[in-house]
Structure formats: C-alpha cells, structure tokens
1. For the chain, just run the numbers: alpha carbon Rg, then divide by 2.2 N^0.38 Å, N being how many residues it has.
2. With the crude spin-label approximation of a point 7 Å out along Cα→Cβ, what separation in nm comes out for Ala147 versus Arg119?
3. Show that you can apply the helix-only estimate: for the chain, add -39,500 (n - 2.57) for every DSSP H stretch of four or more residues, divide by all residues, and state [θ] at 222 nm to the nearest 500.
4. Suppose R0 equals 45 Å; then what is the FRET efficiency for Ala126 and Arg205 from their Cβ-Cβ distance, rounded to the nearest 0.05?
5. Would you please put 84-92, 154-162 in order of how densely packed they are, using the mean number of other Cβ atoms within 10 angstrom per residue and starting with the highest?
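A short reminder: the numbers here are calculations on the coordinates, not readings from a lab. Here the structure is a predicted model, which means the values were calculated and not measured. Heads up, the Cβs are rebuilt from the backbone with ideal geometry, glycines too, and the neighbour counts pull from every protein chain shown.
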Amino acid sequence: MLRADAMDLHSSRSAPEATRRGRWYLRGVAAAVSVPGLILASAFIGFAGLAKEAGLTLVQTVFMVGMVWALPAKVVLVGAIMTGASLPAAAFAVALSSIRLAPMVVALVPELRGPNTPRWVLYFLAHFVAVTSWVLAMERLRGIPPAMRTSYYAGLGSTLVLFNMLVVAVTYVVAENLPPMVSAALFMLTPMYFLTSLWGSARERAGHVAMVLGIVLGPLLHLVVPGFDLLGAGLIGGGVAFGLHVAARRRAAA
C-alpha cells in the first residue's frame, strides 16, 4: 500500500506541469463541493429573491454575482438601488463594505505565492476572495505544494462563483414560488456559517477575543450610535484583541 502511494506521488511529480496543474485545479473544484459551499449556495437563494424584488433583471442579477461576488457587498448594492441612491454613493457603500476583505487578501496571497508566480495571477485570484473561499483555502493550502496552490485556489474560487451564478439564475426564475420566510431563513445561514467558520479557523486566541467582543459590543453600540455600531464594534473589539495579543507575546518573550 505504501509502495503504491509512493509510486502515485512519484508519477504525479514527474507528470508535465500542465497536467499537474490540471489535477490540482480539479482538486480545488472538488473542495468547493462541501458543506460550506452548500450553505453559501443557500444564502444566494435568498439573495436571488431580494434582487428580483428590487427590480433587477435576470441578466443583471447573475452578472452582479460574477462581478461583485462577496454576498454582503451585493446586498448593500441592492439596498442602494432600492433606496434610489446615486451611483457614487452606491459605489462608495459597496467599497466600504468590501474593505473587510483586504486583511483576508493580505493573509492569503503569501500562502498562494509560489517560486515563480506572476503578479497578474495573484491579482486575478484575489477576485475570488470571500469568507467561504478564504476559510477553505487557509485550512488546506499548507498541505499543497507551493507551485500548485494557485491552480488549487483557482479551481476552488471559480467553482464557487460559477455554481452560485447558476443557483441565482435558477432561483430567480422560480422565486415567485418560494415563501418569503424560507428565503429569509436561507439568507441567515451565511452569517451563522461565517461566525462558526472564523471561530474554528482562528489560529490565535486574539481572534476569539475579537469575535466575542464584537458580538457583545455590536448590540450595545447600536443603542448608542446606530449608524456606527459595526464600525465601533470592529475598532474596539479588534483593538482590544490586538493589545492583548501583543501583551501576551511580550510576556512569553520575557
């Protein structure tokens, strides 16, 4: 058995690079077919109903999934459309909601970068960064050869995007037959999954501290400064967690 595994590994390494990249791409495709992927698809069912209610056409809704990708940003954009906000205001709101992805990109790109990875490949793959793809990638990339990580993540990210474009298209057509309560329940699965996934993938205690503080401070700040509750919870919770992390590292080094 061990000899057979060694032979498979040797044959994989000796195969042409294009063949190896194709295999790792398909492994990324297979990784997208998972419980997190299904939960994300269920949330897009709710988004399709929201987009149709806002008056978007089928083509516009599917195009939005492919181009904007991150679900909260699309919800913000649809909300701006429903309220009649101007184009600059809608663009600013979407950009502001997507700032949260910047730390994810900063953390993921060094893991993806191989010995000879072109920059344009990293820029292209950054489009696929969202919570689901990021969590799945960060859990598995360290077990993948560095030169094959971009191929793996390309399979993972592109499959999530294309599959959910299909889900949104089908749901849009049959949205009238879907009860509003069901759509809302499916939509709420995503934030619940985000919370549990981020908790499980946190590599340091500071991440857990930040999440707990955010959960506690969010509702409290909503009563005091409802327009800045999320921003305040993030700044305070993240700042306290970072301070505790730095203090713990100093104690460990002393």
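1. Numbers: Rg = 20.6 Å, N = 254, 2.2 N^0.38 = 18.0 Å.
Rg over 2.2 N^0.38 Å, computed on Cα atoms: 1.14.
2. Distance between the two pseudo-spin positions: 2.4 nm.
3. Numbers: 13 runs with 207 residues, N = 254.
Taken over the chain, the calculation gives -27000 deg cm²/dmol.
4. Numbers: r = 28 Å, r/R0 = 0.63.
That gives a FRET efficiency of 0.95.
5. On the way: 84-92: 11.7, 154-162: 21.4.
Listed from highest to lowest mean packing, they are 154-162, 84-92.
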